[in-house]
Amino acid sequence: MSTAQVLNAHSGITVLTVDFFDTMVTRTVAQPTHVFAVMEQLLVQKHGSRWAGVAYERVQAEHRARVAAAHTDALRDITIEEIAVELAVAMGLSATEQSTVISEEKSTEISLAKAVPAAAAIIAEAQTRGIRVLIVSDNYMPASHLVSMARAAGYSWVTPEHVIVSCEHGGFKHNGVLWKKVLEVAGVPAAQILHIGDDQEADNVQPSKLGIATHIDTRMRLSHRDMHNTSPDVLPLSRIEATQRDSMYESEWNVAHALGDGLVGMVVAAQVADVMNVVKQREVAGIHFAARDGWLAHQAWNKLRESGVALPLASYTAFSRSVIWRASLTELTPDNVGRFIGEDEVLTIARLERRVGCALSSLYRPDEEIDAQSARAVLLENDKQVVAASQQLRQRVLGYFELQGLLKPGHHIVVDLGWTGSTIADMADLITEATNGASTLEARLTGMYWDATPNRMRVSMHGYAMTEFESLDNNLRLLGVIKLMEALVTAPHGSVVDFADASQNFQPIFVETAPELFAYEKLMGRVGEAAIASALALVQGTHASGVTAKDITPTALWAAILQVGQSPRRDEVEALSIVRHVTSIDHEGDGTPLVASPPSSPKSFPQGQLPDLYNTLIHGHWLQGSLRSCSYGDDTRWIADEIGHRWPFMKSQWVSSQLA
């Protein structure tokens, strides 16, 4: 609704009341608790590491203060001073430090304040019409502070007399107490008041009980995530998401653009900036972006070159776990035949032949479906043919690698998402043998988890956002978001399953699957376009948020991965529910959904099966996205809650105190 329409719909009003935070005033960060992250950053800069972790502790201190206040008066709000007392106890702050943190929080809030366009317009129009304006807020800050924030955001007319805040009047909007104070201050019948706000309970349900008309606008809340996760590391994505919130304010929320411009753009920018840093420091024989995880970064790299940035030529090199493993196969045994066929797969001989690259002798018809055990038996009966086909594939792979420049003597950089480095280590073995050690590889990966350790003995590896040496909790969190990351950082083509022969220049043969094509057309293509544009802006220092590639430190990128992967918004979960992850060795089939469906009979689902469900979700799907999906249903919410209770590191909260 336009400004005039909102006011015209309530022509009899004489008083306009306005919610303060996220209705009248917002911040240049994505959510309220990120103010504390900025505060921590400033305190550490001014006073040293003494203040590391204060953002998280500030959230916890407020919770404890509210619990303590509720014991004596369940209706009243707390004050910033009460929060500071709890913070002082937790961090051992002196009286001077306690005053410092209050002062820093207030000044940070003021520095980040900005007006919300719709509310600013409605207020201005109301004042033009002679309608009195009052500010009503549930907050622990005094009216004087809200006045300072309002003026910093451009509302020069605001004085303490305009502000009714919960911490000064014994009750909240949420519990209805503050609305009685509003009627008293307004001095007019409820029917003459219109309230605009962003919270259904506080700004609609409660005032409506008294006969106050309401108008709800939630656009400033679209960027909110889990409020516990706050530290300086969240700020790059937070500032990007705040910019998205503002730029899409007058249009429909575009989740594809938000994902691409935010997390995916940061990943791509980090991949590019990391390699740029390497080539500044040392000479390399070649740079190779892996298909498909490096497609976006390769596009950005080439666009930087086209714009005049002095960067060496880089290849876009197709390889996959299945192709490299097959090319490395020298013996087929009962121990390794399982890598060709999943435990629960049902296959035809024709599909099995495509998978191993040769004709198979068997008693089964080509189109007859057989179970995994029978299929493995067929392969073992044809072991010589399978190994011979693998050796032929090896020659085609090496022919392709030579054309890509990977056999050129010297040290080569391979850029990939991760996660164990096993495929690149297998590649390194092939290339080392083919070149007698003249060509060596180094993997530059976005992240690695614990299984990467053995591969470090085989190939040089660098994990940017995560390495296997991090905490067990973070290793498991990474495992839970791997499928999400692979879905987001993708290419407009399928996976490589083979290579042509020399007559066709060893060109990669990709297989396109219907689920992946559908996801790319509906969502992932737009994510990728936004990511390339974002990455270029981040590297060139022109991103609208002010964030640059220098801000995307390893810890900042890890925080961005977890902000989306561990505490996703509903719009992200719902949009990504169309994605299916195809993981079979031949990259055929329907794959598995990124966001898993809940059990078909959730009310009777045995708790004893929860460990199996958890293992299925963490290994085969996007775990937190699947749990969030469960939490949206009344009959499935208990499953998400119970898994979070049993495996607390998989809850949406992932930032913890640095003081522990």
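The values are calculated or read from the model by the stated rules, or taken from the named source; none is laboratory data. It should be emphasised that the depicted structure is a prediction, and the values quoted were computed from it without experimental measurement. Note that we place each Cβ from the backbone using ideal geometry, even for glycine, and neighbour counts take in every protein chain shown.
Restricting attention to the stretch 341-394, which residues are among the basic types (Lys, Arg) and surrounded by fewer than 18 Cβ atoms within 10 Å (Cβ to Cβ)?
Residues of the stretch 341-394 among the basic types (Lys, Arg): 351, 354-355, 365, 376, 384, 394.
Of everything in the stretch 341-394, those that are among the basic types (Lys, Arg) and surrounded by fewer than 18 Cβ atoms within 10 Å (Cβ to Cβ) turn out to be Arg354, Arg365, Lys384.
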Practice problem: Select from the stretch 94-135 the residues that are of a type outside the set (S, T, N, Q), within 34 Å of the chain's Cα centre (by Cα) and surrounded by 20 or more Cβ atoms within 10 Å (Cβ to Cβ) and list them in ascending order. | Solution: Val101, Glu104, Glu105, Glu109, Leu112, Ala113, Val116, Ala118, Ala119
Quiz item: Tell me, which residue of the stretch 1-48 that is part of a helix (DSSP H, G or I) and without any contact (Cβ under 8 Å) to a residue 60 or more places away in the chain is farthest from Thr108 (Cα to Cα)?
Solution: Asn8
Quiz item: Taking Ala213, is it in contact (Cβ under 8 Å) with a residue 40 or more places away in the chain, surrounded by fewer than 16 Cβ atoms within 10 Å (Cβ to Cβ), touching a strand residue (DSSP E or B) at 6+ places or on another chain (Cβ under 9 Å) and closer than 24 Å to Thr3 by Cβ?
Solution: no
Exercise. Would you check if Asp551 is assigned by TED's automatic domain parsing to the domain that holds Val397, in contact with a Phe, Trp or Tyr (Cβ under 6 Å, 6 or more places away or on another chain), surrounded by fewer than 21 Cβ atoms within 10 Å (Cβ to Cβ) and farther than 30 Å from Thr432 by Cα?
Key: no
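Does the stretch 406-415 contain any residue that is touching a strand residue (DSSP E or B) at 6+ places or on another chain (Cβ under 8 Å), of a type in the set (Gly, Ala, Ser), buried (at least 24 other Cβ atoms within 10 Å of the Cβ) and in a strand (DSSP E or B)?
Residues of the stretch 406-415 touching a strand residue (DSSP E or B) at 6+ places or on another chain (Cβ under 8 Å): 406-415.
With of a type in the set (Gly, Ala, Ser) added as a condition, the list becomes 410.
Of the ones still in play, those that are also buried (at least 24 other Cβ atoms within 10 Å of the Cβ) are none.
Scanning the stretch 406-415, I find no residue that is touching a strand residue (DSSP E or B) at 6+ places or on another chain (Cβ under 8 Å), of a type in the set (Gly, Ala, Ser), buried (at least 24 other Cβ atoms within 10 Å of the Cβ) and in a strand (DSSP E or B), so the answer is no.
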Quiz item: Could you count how many residues in the stretch 192-210 are surrounded by fewer than 18 Cβ atoms within 10 Å (Cβ to Cβ), of a type in the set (A, V, I, L, M, F, W, C) and assigned to a helix (DSSP H, G or I)?
Solution: 1
Quiz item: Within the stretch 1-38, can you find the residues that are out of contact with any His (no Cβ under 9 Å at 6 or more places or on another chain), surrounded by 24 or more Cβ atoms within 10 Å (Cβ to Cβ) and either hydroxyl-bearing (Ser, Thr, Tyr) or not assigned by TED's automatic domain parsing to the domain that holds Ala143 (or both)?
Solution: Thr23, Thr26
Self-check item: Every residue from the stretch 592-617 that is crowded, with 19+ Cβ neighbours inside 10 Å and part of a loop (DSSP other than H, G, I, E, B)
Solution: Leu594, Val595, Ala596, Pro598
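Residue-wise test of (1) aromatic (Phe, Trp, Tyr); (2) outside any helix (DSSP H, G or I); (3) not assigned by TED's automatic domain parsing to the domain that holds Thr420.
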site: Met461; (1), (2), (3): no, yes, no
site: Tyr464; (1), (2), (3): yes, yes, no
site: Leu478; (1), (2), (3): no, no, no
site: Val481; (1), (2), (3): no, no, no
site: Ser503; (1), (2), (3): no, no, no
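Yes or no, residue by residue, for (1) under 30 Å from Lys303 (Cα atoms); (2) modelled with pLDDT under 95:
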| site | (1), (2) |
| --- | --- |
| Ala535 | yes, no |
| Ile552 | yes, no |
| Pro568 | no, no |
| Val579 | yes, no |
| Asp586 | no, yes |
| Leu594 | no, no |
| Pro599 | no, yes |
| Lys603 | no, yes |
| Gly608 | no, yes |
Exercise. Being among the hydroxyl-bearing types (Ser, Thr, Tyr), part of a loop (DSSP other than H, G, I, E, B) and within 40 Å of the chain's Cα centre (by Cα) is the filter here, so list the residues in the stretch 149-185 that pass it.
Key: Tyr155, Ser156
Practice problem: Starting from residues that are buried (at least 23 other Cβ atoms within 10 Å of the Cβ) and among the small types (Gly, Ala, Ser), keep the ones in the stretch 266-290 and report whichever is farthest from Ile240 (Cα to Cα). | Solution: Ala290
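Inside the stretch 149-191, can you point out the residues that are of a type in the set (S, T, N, Q) and crowded, with 18+ Cβ neighbours inside 10 Å?
So in the stretch 149-191, the residues of a type in the set (S, T, N, Q) come out as 156, 159, 166, 175.
Selection gives Ser166 alone.
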Practice problem: Please enumerate the residues belonging to the stretch 621-643 that are outside any loop (DSSP other than H, G, I, E, B) and under 19 Å from Ile561 (Cβ atoms). | Solution: Leu623, Gln624, Gly625, Ser626, Leu627, Arg628
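Could you check, for the stretch 574-581, whether at least one of its residues is among the hydroxyl-bearing types (Ser, Thr, Tyr), in contact (Cβ under 8 Å) with a residue 24 or more places away in the chain, assigned to a loop (DSSP other than H, G, I, E, B) and surrounded by 21 or more Cβ atoms within 10 Å (Cβ to Cβ)?
no
Here is a list: Val278, Val188. Which entry is out of contact with any Phe, Trp or Tyr (no Cβ under 7 Å at 6 or more places or on another chain), more than 27 Å from Gln31 (Cα to Cα) and not in a helix (DSSP H, G or I)?
Values: Val278 fails: not in a helix (DSSP H, G or I).
Residue meeting the stated conditions: Val188.
Taking the stretch 281-298, which residues are outside any loop (DSSP other than H, G, I, E, B) and aliphatic (A, V, I, L, M)? First the steps, then the outcome.
So in the stretch 281-298, the residues outside any loop (DSSP other than H, G, I, E, B) come out as 281, 286-291, 295-298.
Passing the criteria: Ile287, Ala290, Ala291, Leu296, Ala297.
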Quiz item: Looking only at residues in the stretch 309-326 that are over 30 Å from the mean Cα position of the chain (by Cα) and more than 16 Å from Val414 (Cβ to Cβ), which one is surrounded by the most Cβ atoms within 10 Å (Cβ to Cβ)?
Solution: Arg326
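So, in the stretch 327-346, how many residues would count as being under 36 Å from the mean Cα position of the chain (by Cα) and over 26 Å from Thr432 (Cα atoms)? Before you say what the answer is, go through the steps one by one.
Restricting attention to the stretch 327-346, the residues satisfying the condition of being under 36 Å from the mean Cα position of the chain (by Cα) are 327-328, 336, 338-346.
Retained after the next criterion (residues that are over 26 Å from Thr432 (Cα atoms)): 338, 341-346.
Qualifying residue count, the stretch 327-346: 7.
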Quiz item: If the Cβ limit is 9 Å and pairs must be 6+ apart or interchain, which residue in the stretch 620-647 that is farther than 24 Å from Glu486 by Cα pairs with which residue that is buried (at least 16 other Cβ atoms within 10 Å of the Cβ) and of a type in the set (Asp, Glu)?
Solution: Tyr632/Glu574
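With the requirement that a residue be hydroxyl-bearing (Ser, Thr, Tyr) and surrounded by fewer than 24 Cβ atoms within 10 Å (Cβ to Cβ), what does the stretch 235-249 give you?
Residues satisfying the conditions are Thr243, Ser247, Tyr249.
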Exercise. Return the pairs, sorted by first residue and then second, in which the second residue is surrounded by 16 or more Cβ atoms within 10 Å (Cβ to Cβ) and part of a helix (DSSP H, G or I), the first residue lies in the stretch 265-286 and is free of Cβ contacts under 8 Å to residues at least 40 places away in the same chain and in the same structural domain as Leu237 (by TED's automatic domain parsing), the beta carbons are less than 9 Å apart, and the residues are 6+ apart or on different chains.
Key: none
